[in-house]
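Rule-based calculations on the coordinates, nothing more; no lab input. None of these values were measured; they are calculated from a predicted model.
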Amino acid sequence: MAFIYSTNLADVRARAQAQARAAGLAEDRVVDFVIAVSEIAANTVRHARSTGSMEIWCESGEIVCEMHDEGVISDPLVGRQPPAADANGGYGLWLVQQVCDRVELESGEKGTTIRLYMSLPSA
């Protein structure tokens with residue numbers, strides 16, 4: 001079931017941390033996962049101005065976090081390149097791309113969905 005958030009990002013971070021630890025991520029990767037999830041949630045609050053939803057699950061040796069909001073991202077390559085040195089923002093999605101193993105972004109008239117993937121350690 002999706003967790004709905006609006007402004008309380010502490011709950012978002014706490015849930016991401018608990019799920020990442022339960023999935024067996026190493027502590028440094030737990031920190032990376034929480035940072036990535038928190039950045040996406042903060043973008044929802046700042047840019048989408050809507051509630052967001054978050055679901056986390058494990059499949060095929062990965063932990064996956066799917067986040068959705070009603071905002072629209074017009075640049076399909078956002079976050080793939082570092083922002084310009086004089087940029088006044090744009091670092092969040094770039095950082096997410098750096099710490100996650102894979103990031104998928106879909107955006108259109110129904111809003112934006114971002115999936116964050118991190119590989120789980122081998123058993």
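Here are a few things to note about the model shown:
- If you take the alpha carbon atoms of segment 3-119 and fit the smallest convex hull around them, that volume is 101 Å³ per residue.
- In order along segment 84-98, the phi-based Karplus estimate (6.51 cos²θ - 1.76 cosθ + 1.60, θ = phi - 60°) of 3J(HN,Hα) comes to 4, 4, 9, 5, 10, x, x, 7, x, 5, 5, 4, 4, 4, 6 Hz; Gly and Pro are listed as x.
- Highest-MSF residue in the chain out of 62, 109, 27 [GNM, Cα springs under 10 Å]: 109
- The chain: most fluctuating residue of 39, 106, 70 per GNM, C-alpha cutoff 10 Å: 106
- In sequence order, segment 37-52 has phi-based couplings of 4, 5, 4, 5, 4, 5, 5, 4, 5, 7, 9, 7, 6, 9, 6, x Hz under the Karplus curve 6.51 cos²θ - 1.76 cosθ + 1.60, θ = phi - 60°, and Gly or Pro positions carry x.
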